[in-house]
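In what follows, a structure is listed as structure tokens, so that the remarks can point back to it.
The values are calculated or read from the model by the stated rules, or taken from the named source; none is laboratory data. Keep in mind the model is a prediction, meaning the values are calculated, not measured. Here Cβ is always computed from backbone atoms with ideal geometry, including for glycine, and neighbour counts include all displayed protein chains.
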Amino acid sequence: MRLFADLKALIVRDRRTDGIVPSSGFTAHLVILSAAAMAFLAVFALALSLASGRLAVRWGDELAQSATIRIVAPVEQRAAQTETTLRILETTTGVAFARALDSSEQQALLEPWFGSGLDLEKLPVPQLIEIIQEDNGFDAAGLRLRLAAEVPGATLDDHSQWRAPLVQSANRLKALGVVSVFLLAVTLAAMVTLAANASLAANVQVIRVLRLVGATDGLIARAFVRRFTVRAFAGAALGMVFGMISVLLLPSASEASGFLTGLGFQGLEWALPLLIPLFAATVAFFATGWSARRVMGDLA
Amino acid sequence: MIELENVAYRYSSGDALLSDISLKLAPGSFHFLTGPSGAGKTTFIKLCYGALRATSGAVRVFDQDVKSLNRDGVAKLRRRIGVVHQDCQFLDHLSVAENIALPLTTTGRDTQEAREDLTELMGWVGLTDRAAALPPELSGGERQRAALARGVIMSPDVIIADEPTGNVDWEMSQRLLRLLVELNKMGKTVLVATHDLSLIRAAKTQVQARVLRIANHRVQLAGADL
Ligand SMILES: Nc1ncnc2c1ncn2[C@@H]1O[C@H](COP(=O)(O)OP(=O)(O)OP(=O)(O)O)[C@@H](O)[C@H]1O
Ligand SMILES: [Mg+2]
């Protein structure tokens, strides 16, 4: 009930409170400016967090789906061992598809490192077998045992070794984004509290006079709270708009999206930054209300 | 209406300023409060509207013990008591008219009818021309008149004025006194602190006024021998 009245007082201009506190251009602009800056940064922190979350999922999924077997064997045994391996894979549950890369594919893979013109047949280059797993995956330990028994030169790589740290760092990045948003909120709260305190301290005389004429603490507090809440909202809205425009202007995610080009919002995620001004207003509402109660308690 | 029972008061820094005060301001009564400068008139008045709390004893206003009121309670009490302060504090960023109307705005009673009362009241205290001025631009006497106007705008049940005529000429002080007498005749309880004995004499010709005198830390009813 009280809260509802407070909220209404925020939105509806209240003749009782509007003019009673002198406006202070300077602190007002500072609050708007810092709220705008925080909101701008928050948009990026949010984008970072969402993008790394997506990345973590994608890396996790895609890499979990595939595995590779490397066969290192003397040139003359390579074909036979490859044959055996493919046969084993056919009878392994959980393997959806397996095929040996042909030499032109292997050549393409190596070209970036060794240049073109390699004759793979003559070189002791491992033969690669690509495995696509079924949804439930296969029993990697079991497969390794069978391979060890039948194909001495085969090594199974289910990518888990290098996948794990990648996924982990993507998840860390995501958490970092969330922490940044949280820190921005705390900083905004601190800024607004400082500004509100300064404003209340500068208006001690005004508060005294208002009390003399019978204004309740609640009414006096509302005059300040409304002001700072509106300012924080306006500033954050401004910063959010600029932040979103900047995110829009980032290079769009291409097919082979690296991490940096994927920084942005997708679909419904675009609605998320819209919450930033509301969030900033809420922070300002409580921060100002808290300082007002404290200052007026001290004055009594 | 206002009742003090064995009230004593001392500021934290000093000795007892007021002690052993028991008195009653009946509804509709008109009292003057007099005494030498520094005797404690302003202090007594502050006790009456809840700005100070008695060190001992009880102050009851509208049958409520002031001690038992929280800040909101005191705020509500002040809406029923028009106080004219000796140091006339205003909001310097609002015009004189807005300052006088401040009790109306803060309590949401800023109606058309109240606006008309405001115009009339400003005329009575001779501030019609200064309505748009800011408080720092007023003379001492103009400030006092504005403070009186603000004190009575809510048509409160009790009007307490601390030196309302300290800075104005005889003619204006008679005019302000008339206003207070008129309000008293409408049934308001009035308490006026003043040094000005001629004001008290003038009042006695118009209304049944009693005089309280502060002497030796006590508040006593003065005799007719002023
Ligand atoms: N806040 C305070 N703290 C300590 N002492 C105070 C305080 N206010 C007033 N006094 C002292 O209390 C005494 C009475 O002050 P008060 O203002 O009540 O006198 P007064 O009768 O209204 O005087 P005047 O006629 O000059 O207005 C004075 O000696 C004053 O110095
Ligand atoms: Mg005084």
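Points worth noting:
- Any chance B:T42 is at pLDDT 90 or above and either within 8 Å of ligand 1 (Cβ to nearest atom) or not assigned by TED's automatic domain parsing to the domain that holds B:Q206 (or both): yes
- Answer residue from segment B:149-177, given it is in contact (Cβ under 8 Å) with a residue 40 or more places away in the chain and under 17 Å from B:H195 (Cα atoms) and is surrounded by the most Cβ atoms within 10 Å (Cβ to Cβ) among those: B:P164
- Residue check for A:F97: touching a residue at least 24 places away in the same chain (Cβ under 8 Å), surrounded by 14 or more Cβ atoms within 10 Å (Cβ to Cβ) and not in a helix (DSSP H, G or I): no
- The residue that is farthest from ligand 2 (Cβ to nearest atom), among those in segment B:47-97 that are in contact with a strand residue (DSSP E or B) (Cβ under 9 Å, 6 or more places away or on another chain) and assigned to a helix (DSSP H, G or I), is B:G73.
- The combined condition, being at pLDDT 90 or above, over 28 Å from B:A8 (Cβ atoms) and either away from ligand 1 (no atom under 16 Å from the Cβ) or within 14 Å of chain A (Cβ to nearest Cβ) (or both), is fulfilled by B:L177.
- Subset of segment B:98-139 [surrounded by 16 or more Cβ atoms within 10 Å (Cβ to Cβ), assigned to a helix (DSSP H, G or I) and not hydrophobic (A, V, I, L, M, F, W, C)]: B:E98, B:N99, B:P103, B:T105, B:T106, B:D117, B:R130, B:P135
- The requirement of being buried (at least 20 other Cβ atoms within 10 Å of the Cβ) and within 16 Å of ligand 2 (Cβ to nearest atom) is fulfilled nowhere in segment B:178-187; no residue meets it.
- The residues of segment B:23-46 that are aliphatic (A, V, I, L, M) and either more than 13 Å from ligand 2 (Cβ to nearest atom) or more than 15 Å from the chain's Cα centre (by Cα) (or both), listed by number, are B:L23, B:L25, B:A26, B:A39.
- Of all residues in segment B:82-116, those being among the polar types (S, T, N, Q) and more than 9 Å from chain A (Cβ to nearest Cβ) number 4.
- Which listed residue is within 16 Å of ligand 2 (Cβ to nearest atom), within 14 Å of chain A (Cβ to nearest Cβ) and modelled with pLDDT of 90 or more, from B:D157, B:D162: B:D162
- When segment A:236-285 is limited to residues that are of a type in the set (S, T, N, Q) and in a helix (DSSP H, G or I), the one that is modelled with the lowest pLDDT turns out to be A:T261.
- Conditions (1) among the charged types (D, E, K, R); (2) away from ligand 2 (no atom under 16 Å from the Cβ); (3) touching a strand residue (DSSP E or B) at 6+ places or on another chain (Cβ under 9 Å); number of the one not met by B:D110: (3)
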